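First comes the structure, then the notes that go with it.
The values are calculated or read from the model by the stated rules, or taken from the named source; none is laboratory data. The structure displayed is predicted, hence computed values, not measured ones. Backbone-built Cβ (ideal geometry, glycine too); neighbour counts: all protein chains shown. When the accessible area is computed, the model is the full protein with side chains, heavy atoms only, and any ligands, DNA or RNA have been set aside. Shrake-Rupley method; radii C 1.70, N 1.55, O 1.52, S 1.80 Å.
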Amino acid sequence: MNANHHETSASTHGRQITLRSPAELADALPFVLGFHPTDSVVLVALHGANGRFGGRIRVGIPRAPGEWDSTADHLAECLVETSARHSSPPDGIVGFLCQDPRPGETAGQVYERLRPFAQRLRTACGALDIPVYEVLCISDGRHFSYCCPDERCCPPDGTPLALSGTSVMAAAAAYAGIQVRGSLRDLEAGFKPTGAPGEAVQRSALDAAAAEIVPRVVEGTEEQGRARVRETTLALAGRLLRRFAEPPRRTGADGARRGQAAIDADDDARVEPVEAAAVILGLQDRLTRDRLAEWMEGSEGAAALRLWRVLARRCVAPYQEYAAAPLSLAGWAAWSTGDEPTARVALNLALQADPEYVFARLLHQACNEGLDPEALRSCLRGERENREAAERATAPHTRRTRTRTRNRTRVARHGGPRPALPRTGPAARLGRGAPGARPAGRASTRPGGSAPRHAGGRGTRSGR
């Protein structure tokens, strides 16, 4: 691997696999992350004399070389601090630079172009007294070593990656039931608008929903109006969730071959543009979003993840920032149901849509630090149980009130006596009309004002 011939070991559900060469290390990376990284820099912590895999961190490779220094320092510090909080500082680090060639570029040229970044990663880790045993460049199906001088195992023109499913790590992962969910690019595409012709219809639906809903949920509006929007959104989202209780179908004769694309197409067909727009706008209310985060376990959590993916794909331009809410819920549902790779992708996209979205930032940090989602699940379960208990307690009173109302209505309909309301006191002096009459003046009209901004303005959210 390098001059020290350092070995590393990875765990697949308790089973230890020893990796003895850069080739085996490169082949193991997708199983460590759960997907094939594209346009990514990855650092993995090593612990103990045998280099057991520990924490890992991944970000996109900065396009501007001027950002490489700060990125390298930040990645090294984050990985070391996170490892120290959970167990101990790393005893070593391995790095990966994964990027496909640009048009007209070869994999070898990518390797040479990223060499200064690889060197900067090594010096950033070295400044923290953590040795870097290997940095690999993976490009166009080949891997190159920045640390190994032995051309017999690491030739200058790179080494082809092993065929899919043929490496030692692949065999161990298959035995343990670990799956690689495709490339990072494919995972991200499942949360983004597809660019289909139907986007114009969805954009019109979002425009109409924004004009109706945004003025009622922004901060400073009456709580009664926000509560009505909240109830409507929760009811509609519940109806949509029931549609996703049915397992996904693979559409078309080639559905089995198309895989996830066919599933996404089927899921998209379950939600009308007007329905999607209403829920997307309603999710900008923090309390509504938090209530829907309770869909987090079992079949309900799996169905919710599919629904949030659909809604994220419906956040077409210029509503990209509104995707932060459904993307965060998708990340939470994925993390809660044990799909960490999908959770990391969804939460990272949520922060790209809105870097200041607090819910996404907290979930992203907790997921990256390897925290147990059960603590948050327990909290949400408690809130749901308390709310349902309160609703059960008030149900008898509500039924009695409705019964009295029906009785009074029945008496009035049959010509029974109707008590006269005395016109005394301040109301009479102010000339207030009979009960039930619509008051006159400004308060009787809908609040005026210009149409709301719909390009993701900050004022459209209530507390994030």
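Overview of values
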item: Residue match in segment 150-158 (condition: over 26 Å from residue 18 (Cα atoms) and of a type in the set (A, V, I, L, M, F, W, C)); result: no
item: Residues that are touching a residue at least 40 places away in the same chain (Cβ under 8 Å) and at positive phi, drawn from segment 182-235; result: 182
item: The listed residue being open to solvent by less than 50 Å² (accessible area, probe 1.4 Å) and out of contact with any helix residue (DSSP H, G or I) (no Cβ under 8 Å at 6 or more places or on another chain), out of 266, 285, 354; result: 266
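To keep it simple, each residue is scored yes or no on (1) open to solvent by 20 Å² or more (accessible area, probe 1.4 Å); (2) farther than 28 Å from residue 162 by Cα; (3) within 26 Å of the chain's Cα centre (by Cα).
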site	(1), (2), (3)
33	no, no, yes
42	no, no, yes
47	no, no, no
55	yes, no, yes
58	yes, no, yes
69	yes, yes, no
88	yes, yes, no
102	yes, no, no
107	no, no, no
